[in-house]
Amino acid sequence: MEDFLNIFIKSAFVENLVLSYFLGMCSYLAVSKSVKTAMGLGLAVIFVLGITVPINWLINHYILSEGGLLGMDLTFLRFILFIAVIASMVQLVEMVIEKVSPALYNSLGIFLPLITVNCAILGASLFMISREYNFSESVAFGLGGGFGWFLAIIAIAAIREKLKYSNIPAPLRGLGIAFIITGLMGMAFMGLMGIDPAIFFSGK
Amino acid sequence: MAEVKESKKALFPMTKKERKLLFDPLNDNNPVTVQVLGICSALAVTSMLLPSIVMAIAVTFVIAFSNLTISLLRNYIPKQVRMIVQLVVIAFLVTIVELTLKAYSYPVYKQLSVFIGLIITNCIVMGRLEAFAMANKPWQSFLDGIGNGLGYGIILIIISFIRELFGRGTLLSGTPLEMKIIGASSDFWIDTTTNPYFGWYVNNNLMVLPAAALFIMGLIIWYQRSKNSKLVDIS
């Protein structure tokens, strides 16, 4: 449990996917013009990340690795399988949401298919491999990473809504200022670097 | 002079439209600063020149050949499954790049880590396939891919040049051409401990941090749009 919380908080705040690795930047910039739509996309990302990272862990561990069911080192198939899992999971999530809650489906709209090409999703799976997490850690990493992405997109959407009323030089308006704000947010998040959440959960 | 021009024409017989395909993405229609595609990886690898040059070459290769492949197949791909087909083609090319780098240049491979894999989800690749290769002939799609790859590469190289020079005082470190320009030891060309004019100079640690890439990117966009008023965002 300690490990779980530790990795969750670390991946949400200290090593935020957007602000310190620039993952999922494209949709982060494109969909952050209003808080409402940003919220929808953020929730969908938490959901998809929380599902795909553990599934990709299972695939990597039981099928692709040398000690897996097939007994062969198939790691060169990793990219193709991971992206196929992500694409099909997004499709599945879309179908389930449409069936269970049409209202949520309508509010998410086009953002669901967009998630397939969101680098944060594939990036989290690849980080999970390169950091050699075990299963429960990868669940925590998926959820925490999604939560961090959610926080970042909500924050920038709120700032951009306020910025509409400020006097910015014309060539910098829109995209340019969004980049600079993201940089400032990244520096703010950097203040959390070096904090080891494990200390708080060590039981004392 | 006229002769040189003549022979150049013979070497690269290009129509005006083809030249436009190749050079438009360098400035007016830059994939990174104008179309806002592929920023994720553009920013993450730019703390030094060498990895960003490798990344630029890898992305150009992937865009050009995926454009070519999809354009050749464009009449045989059913509309409903085109995303999956495109992803498989891209993932195949990226796997080639990954294995090549792993075999021939292991330190760079380690440095780029997951970002090689992330070329798959680089929106430039998907974007060009959807917007161009699905509707155009193979040779033009190939040129369009090269052009967009170069447009992406040029931004990467500008950002990483600034970040490496001001952040570490070196250029091209990790290659045989390494240049140590400015720093606090006798290895550097300008040694700030002994040089009478540069005693005040300290490498800027901000440039090594990821945030610097975003600032430089914002400034590049500012500069480009102030020179080119038709790109200004009115909303």
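The values are calculated or read from the model by the stated rules, or taken from the named source; none is laboratory data. Everything quoted here is computed from the prediction, not taken from an experiment. Cβ sites come from the backbone with ideal geometry, for glycine too, and all protein chains shown count toward neighbours. All accessible areas refer to the heavy atoms of the entire protein, side chains included, with ligands and DNA or RNA removed. Shrake-Rupley method; radii C 1.70, N 1.55, O 1.52, S 1.80 Å.
Quick notes
- Whether a residue is under 19 Å from A:ASN134 (Cα atoms), open to solvent by less than 80 Å² (accessible area, probe 1.4 Å), at pLDDT 85 or above and out of contact with any Phe, Trp or Tyr (no Cβ under 7 Å at 6 or more places or on another chain) was assessed, and A:ILE63 does not pass this test.
- Given (1) within 18 Å of the chain's Cα centre (by Cα); (2) open to solvent by 10 Å² or more (accessible area, probe 1.4 Å); (3) over 25 Å from A:GLU161 (Cα atoms), number of the condition A:THR37 does not satisfy: (3)
- B:ILE77 fulfils the conditions (1) open to solvent by 30 Å² or more (accessible area, probe 1.4 Å); (2) part of a loop (DSSP other than H, G, I, E, B); (3) not basic (Lys, Arg) except for a single criterion, (1).
- All of A:SER20, A:SER11, A:SER32 fail the test of being outside any helix (DSSP H, G or I) and buried (at least 18 other Cβ atoms within 10 Å of the Cβ), apart from A:SER32.
- Residue among A:LEU192, A:LEU108, A:LEU172, A:LEU163 that alone is within 13 Å of chain B (Cβ to nearest Cβ), surrounded by 14 or more Cβ atoms within 10 Å (Cβ to Cβ) and at pLDDT below 85: A:LEU172
- Comparison of B:ILE63, B:ILE57, B:ILE70 shows that the only residue that is part of a helix (DSSP H, G or I), more than 26 Å from B:TYR104 (Cα to Cα) and β-branched (Val, Ile, Thr) is B:ILE70.
- Residues in the range B:130-154 that are hydrophobic (A, V, I, L, M, F, W, C) and assigned to a helix (DSSP H, G or I): B:ALA131, B:ALA133, B:MET134, B:ALA135, B:TRP139, B:PHE142, B:LEU143, B:ILE146, B:LEU150, B:ILE154.
- For B:SER226, the conditions (1) touching a Gly at 6+ places or on another chain (Cβ under 9 Å); (2) within 14 Å of chain A (Cβ to nearest Cβ) all hold with the exception of (1).
- Taken together, the residues in the range B:150-179 that are open to solvent by less than 70 Å² (accessible area, probe 1.4 Å), of a type outside the set (A, V, I, L, M, F, W, C), over 19 Å from the mean Cα position of the chain (by Cα) and at negative phi amount to 2.
- The condition of being in contact (Cβ under 8 Å) with a residue 12 or more places away in the chain and either touching a Leu at 6+ places or on another chain (Cβ under 7 Å) or not basic (Lys, Arg) (or both) holds for only one of B:PHE115, B:PHE215, that being B:PHE115.
- Qualifying residue in the range A:114-124 (condition: without any contact (Cβ under 8 Å) to a residue 60 or more places away in the chain and either surrounded by 14 or more Cβ atoms within 10 Å (Cβ to Cβ) or over 15 Å from the mean Cα position of the chain (by Cα) (or both)): yes
- All told, B:LEU214 falls short of being assigned to a helix (DSSP H, G or I), closer than 23 Å to A:LEU17 by Cβ and open to solvent by 40 Å² or more (accessible area, probe 1.4 Å).
- Sole residue being closer than 17 Å to B:ALA131 by Cα, open to solvent by 10 Å² or more (accessible area, probe 1.4 Å) and away from chain A (no Cβ under 13 Å), chosen from B:ASN67, B:ASN29: B:ASN29
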